[in-house]
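Read the structure below first, then the notes.
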Amino acid sequence: IKNSLTPVKLTLGLLQRAHAERSPQFESIFTGTLEMMQKKVTDLDEISKDFGEFTGGRKPDPSLFSSLDLVTEVFALYAAMAEDMGVELSCEGVAADVYVDRHKLSRVMENLVTNAFQAMPSGGVLCASVSTSASGVVVELADTGGGVSDEARKHLFEPYFTTRSEGTGLGLAITYRVLEDMGGSISLESRADGESGTVARVRLPLPANKA
């Protein structure tokens, strides 16, 4: 939180001085300040959501829905960003039903898609697939990024661990806990097809009447 508030404080001070000195750059400084503050407010909102989820969040509200439909919807949300970043999206598989909290599972998928995008800053391919087995539903997200080192993989689901210079380091810890509460699990592994990148494999239980 302090990391987000510090630039806001400094930039507001700059804006105040520019106004007091009637600086000819005031309009550009004003516009830049608004843009930066809007971004930081968004960052703080995400941080508050992360801590809320990590400390338990709201109570689950399970419903029956197609896991493939949910992944397709999440990909649609990121379609514009994918085009801008040069990331090709593909989604395939079976329309396997799950009985879990749709909002929470959607946030899990959004977090995994965001991580995949961050692993492919110069573009790449993100493939989602949905399948079923006797033990449940499996959703895989395979990217073509740089992958994760063996050492980092040991700590990925620990609170506050991150390989990036920004963020809370709670995203994957929350993902792990949310899926565990659903009776599911997650693993992050290197691709087995010889390509560079990571496969996020989410396992969810079948609805009780289909188990």
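The values are calculated or read from the model by the stated rules, or taken from the named source; none is laboratory data. These numbers were taken from a predicted model, which means no experiment stands behind them. Cβ sites come from the backbone with ideal geometry, for glycine too, and all protein chains shown count toward neighbours. What goes into the accessible areas is simple: the full protein's heavy atoms, side chains included, and nothing from ligands, DNA or RNA. Shrake-Rupley method; radii C 1.70, N 1.55, O 1.52, S 1.80 Å.
Could you list, in sequence order, all residues of region 55-99 that are of a type in the set (S, T, N, Q) and open to solvent by less than 50 Å² (accessible area, probe 1.4 Å)?
First pass over region 55-99, keeping only residues of a type in the set (S, T, N, Q): 55, 63, 66-67, 72, 90.
Within region 55-99, Ser63, Ser66, Ser67, Ser90 qualify.
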Any chance Ile186 is modelled with pLDDT of 60 or more, β-branched (Val, Ile, Thr) and farther than 23 Å from Thr132 by Cβ = no
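Just to be sure, is Leu44 at pLDDT below 80, out of contact with any Gly (no Cβ under 7 Å at 6 or more places or on another chain), in a helix (DSSP H, G or I) and of a type outside the set (Gly, Ala, Ser)? Break it down into steps so the answer makes sense when it comes.
Working: at pLDDT below 80: yes; out of contact with any Gly (no Cβ under 7 Å at 6 or more places or on another chain): yes; in a helix (DSSP H, G or I): yes; of a type outside the set (Gly, Ala, Ser): yes.
Yes.
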Can you pull out the residues in region 186-196 that are open to solvent by 50 Å² or more (accessible area, probe 1.4 Å) and part of a strand (DSSP E or B)?
-> Glu189, Ser190
Residues located in region 119-140, provided they are part of a strand (DSSP E or B), touching a residue at least 40 places away in the same chain (Cβ under 8 Å) and open to solvent by 10 Å² or more (accessible area, probe 1.4 Å) = Gly124, Thr132, Val138, Glu140
Pairing a residue in region 92-118 that is within 18 Å of Glu189 (Cβ to Cβ) and free of Cβ contacts under 8 Å to residues at least 60 places away in the same chain with any residue that is among the small types (Gly, Ala, Ser) and not in a strand (DSSP E or B), where Cβ atoms lie under 6 Å and the two sit 6 or more apart in sequence or on different chains, gives none
Yes or no: Arg177 open to solvent by 50 Å² or more (accessible area, probe 1.4 Å), farther than 24 Å from Glu92 by Cβ, modelled with pLDDT of 80 or more and outside any strand (DSSP E or B)?
-> yes
Confirm whether Ser106 is under 17 Å from Val202 (Cβ atoms) and surrounded by fewer than 18 Cβ atoms within 10 Å (Cβ to Cβ).
-> yes
